[in-house]
1. Give the residues of the stretch 99-108 that are buried (at least 17 other Cβ atoms within 10 Å of the Cβ) and either modelled with pLDDT under 60 or more than 15 Å from residue 11 (Cα to Cα) (or both), sorted by residue number.
2. Looking for something touching a strand residue (DSSP E or B) at 6+ places or on another chain (Cβ under 9 Å) and assigned to a helix (DSSP H, G or I) - is there at least one such residue anywhere in the stretch 73-84?
3. Hey, does the stretch 109-126 have a residue that's assigned to a helix (DSSP H, G or I), touching a helix residue (DSSP H, G or I) at 6+ places or on another chain (Cβ under 9 Å), at pLDDT 80 or above and surrounded by 15 or more Cβ atoms within 10 Å (Cβ to Cβ)?
4. Being farther than 13 Å from residue 39 by Cβ and within 8 Å of the chain's Cα centre (by Cα) is the filter; apply it to the stretch 71-90 and report the residue that is surrounded by the fewest Cβ atoms within 10 Å (Cβ to Cβ).
5. Can you tell me how many residues in the stretch 24-66 are under 13 Å from the mean Cα position of the chain (by Cα) and surrounded by 12 or more Cβ atoms within 10 Å (Cβ to Cβ)?
C-alpha cells in the first residue's frame, strides 16, 4: 500500500502530537469566537445608540435634543460590527474544517492501535475519541 502503518517509527506519536495541536487550536478558536461575538454585540448596542440618540447634520430639525453628527457616521457605524461578525463566520468555518480533520486523525489513531472505529461493529468498544464525545453531546 505504501501508506504509514503502526509499525512505522514514531507514526503514532506524530498522530497524537497532531491531535494535541488540533485540540489546542480548537480551544484557542473557541476563545477567539466568544470574544469576537461579545465585542460585536457591544458594538451593535453602540450602533443602536448612535441611531436613536443622534441625527445627521443635514437633516436635523433646529429645535431637537438629539446630538448632531456628520452623515458619514451613519454610513460607517455598522461597518465594524459587520466586519467582526464576518471574521467570526470565517473562524467558525475553519473550526468546522478542523473538526473533520481531527476526526480523521482520531480514526487513524484507532486503526494504528488496532481498534475499530465503527461504533456499531461487533468488536469491543473503542477507546472514546473526542469526535465520539462531540457526537453524543
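1. 102, 103
2. The answer is yes; a qualifying residue exists.
3. yes
4. Here the answer is 90.
5. So the answer is 9.
The values are calculated or read from the model by the stated rules, or taken from the named source; none is laboratory data. As the structure is a prediction and not an experimental result, all values here were calculated from the model. Counting neighbours? That spans all protein chains shown, and the Cβs are built from the backbone with ideal geometry, glycine included.
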